[in-house]
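Please read the structure below before turning to the comments.
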Amino acid sequence: MMTASHIVLEAMKKRHVRAVRSIDKQVYSQPWSTSIYHEELRRRDKRVYYVAYHEGQIAGYGGAMIVHDEGHITSIAVHPEAQGLGIAKRLLVAVHRSCLDHPINAMTLEVRVSNERAQHLYRRFGYVPAGIRAGYYRDNNEDALIMWCNDIQKPAHAALLDDIETSISGSTDWGQK
Ligand SMILES: CC(C)(COP(=O)(O)OP(=O)(O)OC[C@H]1O[C@@H](n2cnc3c(N)ncnc32)[C@H](O)[C@@H]1OP(=O)(O)O)[C@@H](O)C(=O)NCCC(=O)NCCS
């Protein structure tokens, strides 16, 4: 089992969508279509999407949209064979830092109530449960847990992101930003 890894992060482009969708198809029951991704990427001013390369392959991606005065995590996923290497944490650090460039004070997301692994990841970033959307996921009528991460512009949040980054073993580089 690998303990350290070298990851390269890059802003998501249209040319990454095929690889991103292939990860989605493995981890989600209702993956986004190519046209949804293209539409997201067209809205550059209000969107933040990154891909992560591991051993030369796209191993994960994550993104958020800026809606009014909040950031909304739309999706974060890592290829099953590359999970547990800290890729999601690196992506979320990058997404949060980019969101801080916008005039927003909080981040939010929905996560399946059964997805304890993702919930643990989000708690690490300061997200707390704030409610339930009943039957939000159409495939099995599962409830969504709504989580919020508040006060992201305060120094404590930047310090938390630094702490998380330092705790990840391996190294992170930037490709084309
Ligand atoms: C949730 C997901 C994105 C995490 O990606 P990842 O790259 O494996 O996560 P990381 O390696 O960065 O680890 C982040 C946290 O996940 C948890 N985690 C990682 N590997 C784990 C494992 N083998 N078993 C249980 N939890 C694990 C840990 O809590 C870890 O935090 P810690 O190191 O502080 O304990 C990934 O499991 C995934 O793609 N799942 C399917 C898609 C999904 O559910 N996305 C979220 C939708 S809301």
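Please enumerate the residues belonging to segment 16-42 that are of a type in the set (Ser, Thr, Tyr) and within 12 Å of the ligand (Cβ to nearest atom).
Let us first name the residues in segment 16-42 that are of a type in the set (Ser, Thr, Tyr), namely 22, 28-29, 33-35, 37.
28, 29 - these are the residues of segment 16-42 that are of a type in the set (Ser, Thr, Tyr) and within 12 Å of the ligand (Cβ to nearest atom).
Would you please name the residue that is nearest to residue 167 (Cα to Cα), looking only at residues in segment 81-123 that are touching a Phe, Trp or Tyr at 6+ places or on another chain (Cβ under 9 Å) and more than 11 Å from the ligand (Cβ to nearest atom)?
94
Filter segment 65-80 for residues that are small (Gly, Ala, Ser) and either more than 8 Å from the ligand (Cβ to nearest atom) or more than 13 Å from the chain's Cα centre (by Cα) (or both) and give the result. Reasoning before the result, please.
Narrowing segment 65-80 to residues small (Gly, Ala, Ser): 71, 75, 77.
Correct list: 71 only.
Scan segment 1-11 for residues that are surrounded by fewer than 11 Cβ atoms within 10 Å (Cβ to Cβ) and of a type in the set (Ser, Thr, Tyr) and jot them down.
3
One line per residue, one yes/no per condition, for (1) closer than 17 Å to residue 82 by Cα; (2) surrounded by 16 or more Cβ atoms within 10 Å (Cβ to Cβ):
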{"position": "13", "(1), (2)": "no, no"}
{"position": "25", "(1), (2)": "yes, no"}
{"position": "28", "(1), (2)": "yes, no"}
{"position": "31", "(1), (2)": "no, yes"}
{"position": "44", "(1), (2)": "no, no"}
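Within segment 130-150, track down each residue that is of a type in the set (D, E, K, R) and over 19 Å from residue 70 (Cβ atoms). If you could, list the steps in order and put the result at the bottom.
First pass over segment 130-150, keeping only residues of a type in the set (D, E, K, R): 133, 138-139, 142-143.
The answer is 138, 139, 142, 143.
Rule-based calculations on the coordinates, nothing more; no lab input. Note that the structure is predicted; figures quoted are calculated from it, not measured. Every residue, glycine among them, receives a Cβ derived from its backbone with ideal geometry; neighbour counts consider all protein chains shown.
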